[in-house]
Amino acid sequence: MWDGLVGVAKKTYTASLGEGVVPRPLMVPLVRGELVGLVWVRPLKVGPDALAGIGELANIAAAAGADEVVLAWETHDVATACELPVVGPAPCLNMVLATRDGHVLHQFPYSEQFLARSPEGRASVDPDWRPAPAPQPGGELVPPIQAAVNFSFTPIELDHPDPFGVTVVLMEEDGYRISLTEAFAR
């Protein structure tokens, strides 16, 4: 499954960058090896809102009782949004595979081949994927990603008969884009 997720993430980045857009951070929660769905972060304001918004991706995983999560983000994009220093290769697609017992950071650096500029001034680029460094067990994660990992495995306690369904609705109302698999769709 991991190779499939990496392949989809790279294809998504290639298509989005070709349109002049960097994909938003994404979380993929899994329960007993079964994909719950995909959760993209809501529109963010630079600074504390970005830190909180990325960390809140954990709510779906926690509400679903996930035992594994995958997060994907672009180094420079998250650093800029959260007003953090750029740590690690940039530009780079980062993916972390995490469980309660720890995480492994995977990095997929790329260089950008300029394609065109839109009338709005957005540069579309084609990523030229570079050799990936070895996976890093326990690799350093930027604070909002580390928060999302940590809170993914902290049970959400809601006084409601369907805490997962309520969490999905509330997050969608906040602007998160959520695509659930059939098994978890309500």
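The values are calculated or read from the model by the stated rules, or taken from the named source; none is laboratory data. Bear in mind the structure is a predicted one, so any value in this text is a computation, not a measurement. Here Cβ is always computed from backbone atoms with ideal geometry, including for glycine, and neighbour counts include all displayed protein chains. For the accessible areas, the whole protein counts, side chains as well, though only heavy atoms, and no ligand, DNA or RNA atoms are used. Shrake-Rupley method; radii C 1.70, N 1.55, O 1.52, S 1.80 Å.
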Express in % the proportion of alpha carbon pairs of the stretch 1-107 at distances exceeding 23 Å.
25
Could you rank the peptides 67-74, 95-102 by their average count of other C-beta atoms within 10 Å per residue, with the highest value first?
67-74, 95-102
Equivalent ellipsoid dimensions for the chain as semi-axes, Å, which come from the Cα gyration tensor, largest first
27, 18, 16
Per residue, how many Å² of accessible area does the stretch 64-160 show with a 1.4 Å probe?
52
If you average the alpha carbon positions of the stretch 39-58 and of the stretch 112-186, how far apart do those two centres end up, in angstrom?
9
Mind checking the per residue accessible area of the stretch 14-58 for me, 1.4 Å probe, whole number of Å²?
41
Any helix of the chain counts here only if DSSP assigns it H throughout, its Cα atoms span 20 Å or more along the axis, and its mean Kyte-Doolittle hydropathy is at least -1.0, and such helices are 2-18
